[in-house]
Amino acid sequence: MPLLEVDNLHVQLQTQRGPAEAVRGIGFTLERGETMGIVGESGCGKSITVQSLMGLLPASAKVTGSIRFDGSELVGLPERAMCEIRGNRIGMIFQEPMTALNPVHTIARQVGEPLRLHRGLSNADARKDALALLERVGIPDAASRLDAYPHQFSGGQRQRIGIAMALACGPDLLIADEPTTALDVTIQKQILELIQSLVAERGMALILISHDLGVIAQNVSKMLVMYGGSVVESGPTAAVFAERAHPYTQGLFAARPALGAPRGLKLATIKGSVPELVDLPVGCPFAGRCRFTIDDCHTTRPPATQMPHNHQVRCIRLEEVAAQEAGA
Ligand SMILES: Nc1ncnc2c1ncn2[C@@H]1O[C@H](COP(=O)(O)OP(=O)(O)OP(=O)(O)O)[C@@H](O)[C@H]1O
Ligand SMILES: [Mg+2]
């Protein structure tokens, strides 16, 4: 049984212009210890997807479909039961570390909190474990800084503290949503290396969201390319990088910052922009921006085409796209 099985997941949000679907029938599975990346332009639904796994969506959001985590269905789970899973079986690292940290609590208290809450540890034991975690994530001189507050640390150190919190209960799944974009370049690399070594050491599964194709290439074994709330291409990272079968994936690669450009830079945009949710077409979400568009693209949601190496692409123009690539 896979650790995580997402099937036909839909998330409807209330927007200023009425209800709209931010996630439109996505599915994937993740085995224990497996690593998966999610890539796509701003607004394509990456964060909403992982927030639905964590039960962190706005209260007005409507979720349908299935999210099976270690055999249990999470869709429709009452908040109390979701609390048992969040921060315990599933840990999350946020883009901006202060999202997870509370400015008025010491770091010993915050990192120890999930251990008291989920594992029933005493204050003294939680403090001891918090120290070990903070040392493991590389907080210098952690023993003498346990009673310091988040603002007394640098951005990179705060992200390390956020990672220690996410790991406190030994989760089976770690979710990292753009964990390094708020940090400067040299620190980004260190944080990603830390995440990578912790994932390997603890055998956790990882879902890593990034705008940066280089980060995806180096950190995950499989990937989803998302656009307009849909997965347009998915498969082993090596296969997706080699084939780039979907015109949107090709656009992402073409828009990639030149080698040597700062990591985490937002992708240079593909021509046109991501439509607002309520304006997304009923057919292929990329139809309005894609140079291969024909009438059918506007009316029918493309089915998944199976490619070699367990690689899937949702596009009805694959032959034309491939012919163009070969001729280019
Ligand atoms: N609370 C909300 N209420 C209404 N719409 C929302 C809400 N949160 C996000 N959205 C919309 O849902 C869509 C998907 O948002 P999401 O945050 O998942 O994008 P993303 O892929 O994570 O983008 P980014 O790369 O900028 O983080 C966007 O159109 C966004 O405007
Ligand atoms: Mg996001």
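The values are calculated or read from the model by the stated rules, or taken from the named source; none is laboratory data. These numbers were taken from a predicted model, which means no experiment stands behind them. In this analysis, Cβ positions are derived from the backbone assuming ideal geometry, glycine residues included, and neighbour counts consider all displayed protein chains. Just so you know, the surface numbers come from the protein's heavy atoms only, side chains and all, with ligands and any DNA or RNA stripped out. Shrake-Rupley method; radii C 1.70, N 1.55, O 1.52, S 1.80 Å.
Tabulated data for the structure shown
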| quantity | calculated |
| --- | --- |
| Unmet requirement for Pro236, which otherwise passes all of (1) away from ligand 1 (no atom under 13 Å from the Cβ); (2) of a type outside the set (Phe, Trp, Tyr); (3) surrounded by 23 or more Cβ atoms within 10 Å (Cβ to Cβ) | (3) |
| Residue in the range 152-171 that is touching a residue at least 60 places away in the same chain (Cβ under 8 Å), within 22 Å of Phe28 (Cα to Cα) and either buried (at least 18 other Cβ atoms within 10 Å of the Cβ) or polar (S, T, N, Q) (or both) present | yes |
| Flag for Ile195 being closer than 22 Å to Leu4 by Cβ and touching a residue at least 60 places away in the same chain (Cβ under 8 Å) | yes |
| Among (1) within 15 Å of ligand 2 (Cβ to nearest atom); (2) surrounded by 14 or more Cβ atoms within 10 Å (Cβ to Cβ); (3) of a type outside the set (A, V, I, L, M), the one test that Pro2 misses | (1) |
| Candidate set: the range 1-53, residues that are acidic (Asp, Glu) and more than 10 Å from ligand 1 (Cβ to nearest atom); chosen: the one farthest from Val75 (Cα to Cα) | Glu34 |
| Residue within the range 118-130 that is open to solvent by 50 Å² or more (accessible area, probe 1.4 Å), under 20 Å from Ile191 (Cα atoms) and touching a residue at least 12 places away in the same chain (Cβ under 8 Å) present | no |
| Counted residues, the range 221-233 - those being closer than 30 Å to Thr186 by Cβ and open to solvent by less than 10 Å² (accessible area, probe 1.4 Å) | 4 |
| Condition met for Gln51 (modelled with pLDDT of 95 or more, open to solvent by 40 Å² or more (accessible area, probe 1.4 Å) and within 13 Å of the chain's Cα centre (by Cα)) | yes |
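Conditions tested, residue by residue: (1) part of a loop (DSSP other than H, G, I, E, B); (2) surrounded by fewer than 21 Cβ atoms within 10 Å (Cβ to Cβ).
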| residue | (1), (2) |
| --- | --- |
| Ala176 | no, no |
| Leu183 | yes, no |
| Ile187 | no, yes |
| Gln196 | no, yes |
